[in-house]
1. Take PHE226 and tell me if it is of a type outside the set (Asp, Glu) and in contact with a Pro (Cβ under 9 Å, 6 or more places away or on another chain).
2. Would you be able to tell me the number of residues in the stretch 130-154 that are crowded, with 16+ Cβ neighbours inside 10 Å and not in a helix (DSSP H, G or I)?
3. How many of the residues in the stretch 91-123 are of a type in the set (Val, Ile, Thr) and under 30 Å from ALA224 (Cβ atoms)?
4. Taking the condition of being surrounded by 10 or more Cβ atoms within 10 Å (Cβ to Cβ) and in a helix (DSSP H, G or I), how many residues in the stretch 113-126 meet it?
5. So for the stretch 58-79 (the condition being of a type in the set (Asp, Glu), surrounded by fewer than 18 Cβ atoms within 10 Å (Cβ to Cβ), more than 30 Å from PRO223 (Cα to Cα) and modelled with pLDDT under 90), does at least one residue qualify?
6. Please verify whether the stretch 216-232 includes one or more residues that are among the acidic types (Asp, Glu) and out of contact with any helix residue (DSSP H, G or I) (no Cβ under 7 Å at 6 or more places or on another chain).
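The values are calculated or read from the model by the stated rules, or taken from the named source; none is laboratory data. Everything quoted here is computed from the prediction, not taken from an experiment. FYI the Cβ positions are ideal-geometry reconstructions off the backbone, even for glycines, and counts take in every protein chain you see.
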Amino acid sequence: MRRERLVPNVVRWIVIALLIIGGLAMIFPLVWLVSTSLRPAPELLLVPPRLLPEHWTLDNYAKAFASAPLLLYLWNSFVFALVSTVFILLTSTVAGYIFAKFRFPGNNVLFMLVLATAIVPFEIYMVPLFLQVNALKLVNTQIGLFLPFLVLSYGIFFMRQNTMTSVPDELLDAARIDGMSETGIMLRFVPRLLAPAIAALAILAFIQAWTAFIWPLLILNKPALFPMELGLSQFANTRVDFGLTSAGAVVAMLPTLIAFLFLRRRIVEGITLTGLRG
C-alpha cells in the first residue's frame, strides 16, 4: 500500500518540479530584458554578468524615446490592432453564428475549408498575397497592412463552438416571434449571449495584431507607417547599445503584457470552455 501511494506522489513532485523549471526558463529572458533596460552602459559589459543592476537608471528609456519615434510606432500599432480586432470580432461572430445555426448546401465543406486555412503557415502564401496587394497598388498603405488581419479562421471556429452551446434555438425562435430580423439577431441579440467568448477573442486578436512583424516588414517601407514591432527592429538594426534596444523592447511589450495579466482569466476560460463544448 505504501509503495502504491508513494509512486503517485513521486510522479506529482516530478511534474511540479518540471513545471517550475519550465516557468523559470520562460520568465528569465523577460527579467533579463527588464534588468538590462534599467542598468547603465558600463554594467552591460560586466563579467560575470549580474541579474540585477547595481545602479538603477531610466536613462535608457529617455534616450530610446529621443532616438526613435516610439510614440508614433505605438500609435500605429494601436490603430492597427484596434481595427484588426473590430473586424475579426465582427466577421467571426457573424460567420460563427451562420455555421452554427443555419443549414445550407456545402455548410460542412465550407467550414472545413475555413479550418484548413488555419493549418497552412502564413509564410507559404504571403508572397502570392503580396503580389495581389501590389497589383491593387496597396503597398505602403494602411489598407494593405490591414487586409490579412481582418478575418481569423480560429476566431470563426471559436465563435461557432460557443454559439452552438451558448445560444439556444428556443431563444432565437422567441426573438423571431417578437419581430427581430436575422440581422438584428446576429448583431444585437447573439453578441449579448456570447460576451465572455467575444472578450476572450478580442484579447487574442489584439495581441496577434500588436505582435505582427512579417507582414508589416514585407508590405511597408515608409517609417511613418511602421507599427511598433517593425519600428523597433529598424531601431535595433541601427544601434549597438543593448540598453536602448532593451528599453524599446520593454515599451513594445508592455501593452500586451498588461492586457494578458489583467485579462488572463478571460483567455483561459474562453479557450477551455470552447474545448469542453466542442
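1. yes
2. The total comes to 5.
3. The number of residues fulfilling the criteria is 1.
4. 9
5. no
6. Checking the stretch 216-232: not a single residue is among the acidic types (Asp, Glu) and out of contact with any helix residue (DSSP H, G or I) (no Cβ under 7 Å at 6 or more places or on another chain).
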